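Chemist: Here it is: the structure, laid out below.
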Amino acid sequence: MGKQWFRLALTLVALTLCAAGVAMLVLGRRADAAASGASAAAADGVYTVEILRSGFNPQTCVVNRNRSTVRFLNKDSVARRVVVPAAGVDSPPLYDSGDIAPGDTWSGFYIDYQAELHYYDFYFPAQTGVVLAPVDPNAASQCDPLPPTPTPTPTRTATPTPTPTPVPQSPAGCLRFFASPLGCAVGPFVATDEEER
């Protein structure tokens, strides 16, 4: 009876290990597929333009026209809206993001053609940017956000050492009354018209 239980336990352990191996193989293939999907997305080129209080970062985004996506991330504390105007008068815009809430991303536009798309912020029209896709489908892309400009650290200026105030000296022959540190004590003197004898 003991050998039968032992064989049954060994069989269960072997089946469990086999099932674990199959599960690892299936999960490994799924992870490889997900990784290849991620690398395909990177190969297609997904570029993010940040929307800051100071404007768009980068202001000029050059992308490869061979399957590139330009999206917009709102890093401001208020809603922003990206508009690519149409060329014609009274035409609806080519692209309009609608309101992009703080922290949200608008999927933007997909580029597989030569393009020069000028855009602006609907709420702050002075803030503009451009996406360029050169004619050459293999042109290098340059659409990385620029690092923030560091805030200058105020330099400390040395405080000048004050010059000590000199203690006035009494003229020679002066008497000091009541330990007066300044000047001579003046006593009364009576003037007369008589000659001195």
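No value in this document is a laboratory result; all are computed from the given coordinates. Being a predicted model, the structure only gives us computed values, none of them experimental. Ideal geometry is used to build each Cβ from the backbone, glycine not excepted, and the neighbour counts take in all protein chains shown.
Chemist: Viscosity 0.890 mPa s, temperature 25 °C: Stokes-Einstein D of the range 46-133 from its Kirkwood Cα radius, in µm² per second? Walk me through the numbers before you get to the answer.
Modeler: Working: Rh = 12.9 Å.
Estimated via Stokes-Einstein, D reaches 190 µm²/s.
Chemist: Along the Cα→Cβ direction, 7 angstrom out, place labels at ASP99 and THR161. What is the inter-label distance in nm?
Modeler: In this crude spin-label approximation the distance works out to 6.4 nm.
Chemist: Let me have the relative contact order for the range 46-133, percent, based on Cα pairs under 8 Å that are six or more residues apart. Mind showing how you got there, number by number?
Modeler: Values: 198 pairs, mean separation 30.1, N = 88.
The normalised contact order for the range 46-133 reaches 34 percent.
Chemist: For VAL46, enumerate residues with amide H under 5 Å from its amide H, sequence gap 5+ or separate chain, H modeled in the peptide plane.
Modeler: Excluding prolines and chain starts, which carry no amide H, the hits are THR69.
Chemist: Moving to a separate point now. Please report the antiparallel percentage of the DSSP beta bridges confined to the range 46-133, to the nearest 5. Mind dumping the intermediate values first?
Modeler: On the way: 19 of 28 bridges.
Counting only bridges with both partners in the range 46-133, antiparallel ones make up about 70 percent.
Chemist: How large is the dipole of the range 46-133 about the Cα centre if only Lys and Arg carry +1 and Asp and Glu carry -1, each at its Cβ, rounded to the nearest 20 debye? Walk me through the numbers on the way to the answer.
Modeler: On the way: 7 positive and 9 negative charges, 47 e Å.
Rounded to the nearest 20 debye, it is 220 debye.
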